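Novice: Sharing a structure below in structure tokens format, with a few things to ask.
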Amino acid sequence: MTSELAQTFLQLGGALEWAGLVAAPLLLLPLATLAFPGPLGGVAARLAAVIDRISGAALSIAIWSGIGLVLLQVAIIVLRFVFRVTAIDIGPVSIASPALNDLLLYLFAIGFLFASASALRDDGHVRVDILREQMGPRGRALADFIGTHLFLFPVMILVLLASRGWLAQSWRIFEGSREASGLPTYFLFKTLIPAFALLLILQGLANALRAAAILRAGPTDAPSSTRSAPRTPAL
Amino acid sequence: MEIEALLAIAMFACAIVALLGGFPVALTLAGTALIFALIGISLNVFSPIFLNVLPQRILGQMENQVLLAVPLFVIMGVVLERSRVAEDLLHIASRLLVRVRGGLGYAVILVGALLAASTGIVGATVISMTLIALPTMLKQGYSPRIATGTIAAAGTLGQIIPPSIVLILLADAISNANQAASGAGHVTGVVSVGDLFAGALIPGLMLVGIYLGYIAVMSIVRPSSMPRTDAVSDIDLPPLRASEVIFGLGAPLLLILSVLGSILGGLASPTEASAIGAMGAILLAGARLASTNATRRLILTGLLCAGALALMGANLDLRFGGAATGFGQTLATAFAALLCLLLLAAAIAALRVLARVGQLEPAFRSAMQITAMVFLILIGAALFSLVFRGFGGDDLVMELLHAIPGGKWGALVATMLVMFVLGFFLDFIEIVYVVVPLVAPPLIMLGVDPIWLAILMALNLQTSFLTPPFGFALFYLRGAAPDGVRTIDIWQGALPFIGLQVIMILLVAAIPSLATWLPAIASR
């Protein structure tokens, strides 16, 4: 029974892999818009806007995870230090301390993995900006364009490829927590990693499309819709 | 030289050049490493296995209980800042000290040291202090040099004064290095976050003392650089009420002290303390921004409940259905449960207040994005050091450090100089995760105490951030300062503080027990 279910999921995973391979040429879209700005420009702008919203949705999940993280950790402290309880029993449901701890880690991981793409969107990832100031909007767009193709895409594709077999193994047995009474969904926890990589690839695509639009616009009239506004420094 | 070693060196050099392109640091590091790994694979000098473990490394970060403290401390800092609790702190401190010559200077340093507690990533404190304090200081007639130097230096205090985030990250990196060193046969104790917090406390407080002393000396030597306000703004404002001082100054102070105290006293792990700090910050912010007195009272009651719960939990047995359940105990347990409900109500009320004034979403958004930024760097640096290691780069660094004349001291000085220069264009976190894993194990094996090493590194980087022309703190200050302030003033203002920093580094280097004495006591 379980193995049949696992088989179904593995087939689903295989299908996703094919879908990924088929979609991979999309990553060349920014380059294509440079060559054929006319027909592709409008599509590119719409696609970038959709991706921005996807990153925004992921960010919302991260925000709620952050709020949940504070509340849950405080609740665990109260249970452990004030009442010295190791499990909550509500009727037939018993939530053991390891399960709460697992849940805490889930919230934490979702928090930083799901906020990453939106940080890329809002220019929240640290850059070395010694030269960046002098590069001008076109220079910055070129750096973003090259960086996304040369660094972001390959690294995140590596994450996807390297987690493939390892993740299939985990799904095959529906791997549970290492703790006896922890959450039984360790395989889902591990699946957050490719989800994170995918979100970053998408946002990278959107940024590259936008950078390409600036490069196309020519040196005289760079559009002001770029994200090169003075960045809100990360703390 | 072997081809692997050449590739390792070339990779490091290329990464530094590529970083100047201005693409996000984390991805640049990882991307450069991946390109060199592929070159290595094609030349048959690199094993792809090193690349395949990357997901496991990411998973390791997702499961790291210590790093869990990072988002919680960031939340604490951002909420305090967004709710203007931090701003109140500076205003009240400066008004209390307004009659003293240099009062604003003292206030900036003290508040910087307090805010330090919650953030610790260079930009934040410098920018918020610049925005809040610099205009006031200039209006009062402070010389731009003194004003900007004080702000920049106070802003970097965030790195060294616990509980700073970078110290948590440094503790993580140092304890890994320590394990690597002990794996190679060198036995030292375990290094925890608490150890580093304890180790940083004395040097951090001494630094605050030295800064304050400098202001005091300058107010005597060059009184014209920091005139007293006799009439400017103070008269127009109503005098401070005692309640304002108690709430605005006392509450944040109490919060930070209780967070720090519970860690150093061994009552709570840094992660637990950070959650208490975040919750406390949310409650304080809610009370500060509440529009009705009823809400404010509810939230303040919640704060009291939290304190009462802590006391009761420490002194009473409140277990449900314990063996010897007497009437008194049942009553106490019921009372504690009631307090919990009140605390929960207060927390929800505070979150709703934040949401109503439109600060909940922005605060948590910026907190989560900062956390994501930190962890992407950890991921990028993890790939970078995996590849560097795959090329045998760690052995190379070890040989190099052993080859430097002067043994332990020579290697230490060389490391510090390299880190100082790297500090010009990399932030603390990148350096911690790229450099520390490479240099710390050999240094520890040469007999350097890990805690002492970590504190020296922290002080060193803090100095680097203050050093013109590349210092991070100065960049952020320049960005936030009004145009009337000349860049050269900012640079010259930082110089005396660099001198003070160097004195502090030399002191800690000469007297290691400044860093190691308190951890030894605390762990006992």
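The values are calculated or read from the model by the stated rules, or taken from the named source; none is laboratory data. Since the structure is predicted, the reported quantities are computational estimates derived from the model, not experimental observations. In this analysis, Cβ positions are derived from the backbone assuming ideal geometry, glycine residues included, and neighbour counts consider all displayed protein chains.
Novice: Scan the range A:144-172 and report the pairs whose first residue is more than 9 Å from chain B (Cβ to nearest Cβ) and in contact (Cβ under 8 Å) with a residue 60 or more places away in the chain and whose second residue is small (G, A, S) and surrounded by fewer than 21 Cβ atoms within 10 Å (Cβ to Cβ), with Cβ atoms within less than 7 Å and a gap of 6+ or a chain change.
Specialist: Cβ pairs passing all conditions: A:A168/A:G13; A:W171/A:A6; A:W171/A:G13; A:R172/A:A6.
Novice: Restricting the range B:472-491 to residues that are more than 11 Å from chain A (Cβ to nearest Cβ) and either assigned to a loop (DSSP other than H, G, I, E, B) or under 27 Å from B:A515 (Cβ atoms) (or both), which is nearest to the chain's Cα centre (by Cα)?
Specialist: My answer is B:A473.
Novice: List pairs: first in the range B:41-64 and within 9 Å of chain A (Cβ to nearest Cβ) and within 18 Å of A:L160 (Cβ to Cβ), second basic (K, R) and buried (at least 16 other Cβ atoms within 10 Å of the Cβ), Cβ under 8 Å, 6+ apart or cross-chain?
Specialist: The qualifying pairs are B:P55/A:K190; B:L59/A:K190.
Novice: Follow-up question, since we're still on this one. With a cut-off of at least 1 residues that are among the acidic types (D, E) and under 25 Å from B:L518 (Cα atoms), name the helices (runs of 4 or more DSSP H) lying wholly within the range B:245-348. Even if it seems obvious, please write down each step before you answer.
Specialist: Values: elements: B:251-264, B:270-289, B:293-315.
It comes to B:270-289.
Residue by residue, here is whether (1) surrounded by fewer than 23 Cβ atoms within 10 Å (Cβ to Cβ); (2) touching a Gly at 6+ places or on another chain (Cβ under 8 Å); (3) part of a helix (DSSP H, G or I) holds:
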{"position": "B:V374", "(1), (2), (3)": "no, no, yes"}
{"position": "B:I377", "(1), (2), (3)": "no, no, yes"}
{"position": "B:L383", "(1), (2), (3)": "no, no, yes"}
{"position": "B:R389", "(1), (2), (3)": "yes, no, yes"}
{"position": "B:L396", "(1), (2), (3)": "yes, no, yes"}
{"position": "B:V413", "(1), (2), (3)": "yes, yes, yes"}
{"position": "B:F424", "(1), (2), (3)": "yes, yes, no"}
{"position": "B:V439", "(1), (2), (3)": "no, no, yes"}
{"position": "B:P442", "(1), (2), (3)": "no, no, yes"}
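Novice: Taking the range B:282-311 as the region of interest, how many residues are surrounded by fewer than 18 Cβ atoms within 10 Å (Cβ to Cβ) and within 11 Å of another protein chain (Cβ to nearest Cβ)?
Specialist: The number of residues fulfilling the criteria is 2.
Novice: Could you pull out the residue among A:D52, A:D123, A:D129 that is over 17 Å from the mean Cα position of the chain (by Cα), charged (D, E, K, R) and surrounded by fewer than 22 Cβ atoms within 10 Å (Cβ to Cβ)?
Specialist: A:D129
Novice: Among the listed residues B:P405, B:P441, identify the single one that is away from chain A (no Cβ under 11 Å) and without any contact (Cβ under 8 Å) to a residue 12 or more places away in the chain.
Specialist: Answer to the check: B:P405.
Novice: Moving to a separate point now. Among (1) at pLDDT 85 or above; (2) in a helix (DSSP H, G or I); (3) surrounded by 20 or more Cβ atoms within 10 Å (Cβ to Cβ), which single condition is B:V448 missing?
Specialist: Unmet condition: (2).
Novice: Could you tell me whether any residue of the range B:164-171 is modelled with pLDDT under 85 and touching an Asp or Glu at 6+ places or on another chain (Cβ under 7 Å)? First the steps, then the outcome.
Specialist: Taking the range B:164-171 first, the residues modelled with pLDDT under 85 are B:164-166.
Cutting the leftovers down to touching an Asp or Glu at 6+ places or on another chain (Cβ under 7 Å) gives us none.
Within the range B:164-171 (the criterion being modelled with pLDDT under 85 and touching an Asp or Glu at 6+ places or on another chain (Cβ under 7 Å)), the answer is no, since none of the residues qualifies.
Novice: For the condition more than 10 Å from every other protein chain (Cβ to nearest Cβ), of a type in the set (A, V, I, L, M), within 30 Å of A:G136 (Cα to Cα) and in contact with a Phe, Trp or Tyr (Cβ under 8 Å, 6 or more places away or on another chain), what is the one hit in B:A15, B:A33?
Specialist: B:A15
Novice: Can you tell me which residue within the range B:451-471, out of those that are modelled with pLDDT under 90 and within 22 Å of B:M373 (Cα to Cα), is nearest to the other protein chains (Cβ to nearest Cβ)?
Specialist: Among those that are modelled with pLDDT under 90 and within 22 Å of B:M373 (Cα to Cα), it is B:F470.
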